[in-house]
Amino acid sequence: MLNKSKKLKKRNLVTYANADSLISDQFRTVRANIQFLTVDGKKRTFLMTSSVSGEGKSVTTANLAVSMAQQKERVLLIDANLRKPIIHEIFKISQDCGLTNVLMKNAALDRAIKKTGIGKLDILPCGNSVNNPAELLTSDWMSSILRQVSESYDIVLIDAPDVLHTTETRVLANYCDGVVLVLTKGKTTLEKAIKARKVLELAHAELVGAIINEK
């Protein structure tokens, strides 16, 4: 009988647990579309966000990262949702040393990055909780970190907070090569989706596409 943690991992990471499923095939389609954007090697960092919280964005991002790693690509998944981090729970890794520790210059980047054992997928978890997430994520040091990892990985996916309620996501979006908006069928209103798009445009971010999630 599977323990609780293994059940959670299997349920959330469909692309890992059931690679032949219809859902996994849909993620491969998304993966292919993003690969078209990276043909010239110039676009490597992509921010994953949503209009509001509770859209299933983090699970979607995790599955997309796994799908990409299955293609033997070097993938780094960064948990920049410092307010409500969940990536470390999905992959069952420690968050004790992660992004916040690197941003506060308490840990080296290579020490904070964790290997998953799933292809060439690495994770940079959120790290220890902080009182100033917006200040850390919008710093020049964060921009520098993204430049560093983009040179070491084929694809960098950033799980960020929702764009309508957090200022740091708007700045992070400007640091990245592209933004993918995760929407939920039957939940995300057209008004919120349009508003999210306008906010990203004002931030001079490049919205490259959207994923319609069915929760």
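The values are calculated or read from the model by the stated rules, or taken from the named source; none is laboratory data. Keep in mind the model is a prediction, meaning the values are calculated, not measured. Positions of Cβ are backbone-derived with ideal geometry, glycine not excepted, and every protein chain shown enters the neighbour counts. Each accessible area value is taken on the protein alone, full model and side chains, heavy atoms only, with ligands, DNA and RNA left out. Shrake-Rupley method; radii C 1.70, N 1.55, O 1.52, S 1.80 Å.
Counting other Cβ atoms within 10 Å, keep those with at most 10, restrict to DSSP loop, and tell me which trypsin sites (Lys or Arg not before Pro) in the stretch 72-145 are left.
Answer by residue number: 72, 105.
Spelling out what I want: for every residue of the stretch 26-37, take phi, set θ = phi - 60°, compute 6.51 cos²θ - 1.76 cosθ + 1.60 (Karplus), and round to whole Hz; glycine and proline get x.
Per-residue couplings from phi come out as 5, 5, 5, 5, 4, 4, 5, 4, 5, 4, 4, 6 Hz.
Could you provide, to the nearest whole Å², the per residue accessible area of the chain with probe 1.4 Å?
50
List every residue whose amide H lies under 5 Å from the amide H of residue 207, counting only residues 5 or more places away in sequence or on a different chain, with H placed 1.01 Å from N in the peptide plane.
Here the answer is 179, since their amide H atoms fall under 5 Å of that of residue 207.
Run the numbers on the chain and let me know its relative contact order in percent, using alpha-carbon pairs under 8 Å that are six or more apart.
With pairs under 8 Å counted, the relative contact order is 27 percent.
Any idea what the relative contact order of the stretch 67-185 is, in percent, if you count C-alpha pairs under 8 Å spaced at least 6 apart?
Contact order relative to length: 33 percent.
If each residue of separation counts as 0.36 nm, what is the full-extension length gain between residue 207 and residue 139 once their alpha-carbon separation is subtracted?
22.3 nm
Which of the trypsin sites (Lys or Arg not before Pro) across the stretch 122-190 are loop residues per DSSP, with 13 or fewer other Cβ within 10 Å?
185
State the extension gain, in nm to one decimal, for the chain segment bounded by residue 74 and residue 111, taking 0.36 nm per residue of separation less the distance between their alpha-carbons.
11.6 nm
Given only helices, namely DSSP H runs of n ≥ 4 each adding -39500 (n - 2.57), what is the per-residue ellipticity at 222 nm of the chain, to the nearest 500 deg cm²/dmol?
Here the helix-only value at 222 nm equals -12500 deg cm²/dmol.
Between residue 189 and residue 164, with labels modelled 7 Å along Cα→Cβ, what's the label distance in nm to one decimal, could you check?
Going by the 7 Å Cα→Cβ label model, 0.7 nm.
Indicate the gyration tensor shape class of the stretch 52-107 (rounded, prolate or oblate), computed on the Cα atoms with a ≥ b ≥ c the square roots of the eigenvalues: a/c under 1.5 is rounded; otherwise a/b larger than b/c is prolate and the rest oblate.
Oblate, since a/c reaches 1.5 and b/c is not below a/b.
Which whole-Hz couplings ³J(HN,Hα) result when phi for each residue of the stretch 148-159 is put into the Karplus expression 6.51 cos²θ - 1.76 cosθ + 1.60, θ = phi - 60°, listed in order with x for Gly and Pro?
Per-residue couplings from phi come out as 5, 6, 5, 7, 9, 10, 6, 9, 10, 10, 10, 7 Hz.
With a ≥ b ≥ c taken as the square roots of the eigenvalues of the C-alpha gyration tensor of the stretch 82-215, please select rounded if a/c is under 1.5 and otherwise prolate if a/b is larger than b/c or oblate if it is not?
Prolate shape, in that a/c is at least 1.5 and a/b is the bigger ratio.
Rounded to the nearest 5, what % of DSSP beta bridges with both residues in the chain are antiparallel?
5
Would you grab the residues whose amide H sits under 5 Å from the one on residue 44? Only those 5+ places off in sequence or on another chain, please, with H modelled 1.01 Å from N.
The list, which skips near neighbours in sequence, is 177.
Quick one: 3J(HN,Hα) in Hz for the stretch 93-108, Karplus 6.51/-1.76/1.60 with θ = phi - 60°, rounded, Gly and Pro as x.
Result, ordered by residue: 10, 6, 10, 4, 10, x, 4, 4, 5, 5, 5, 8, 6, 9, 8, 6 Hz.
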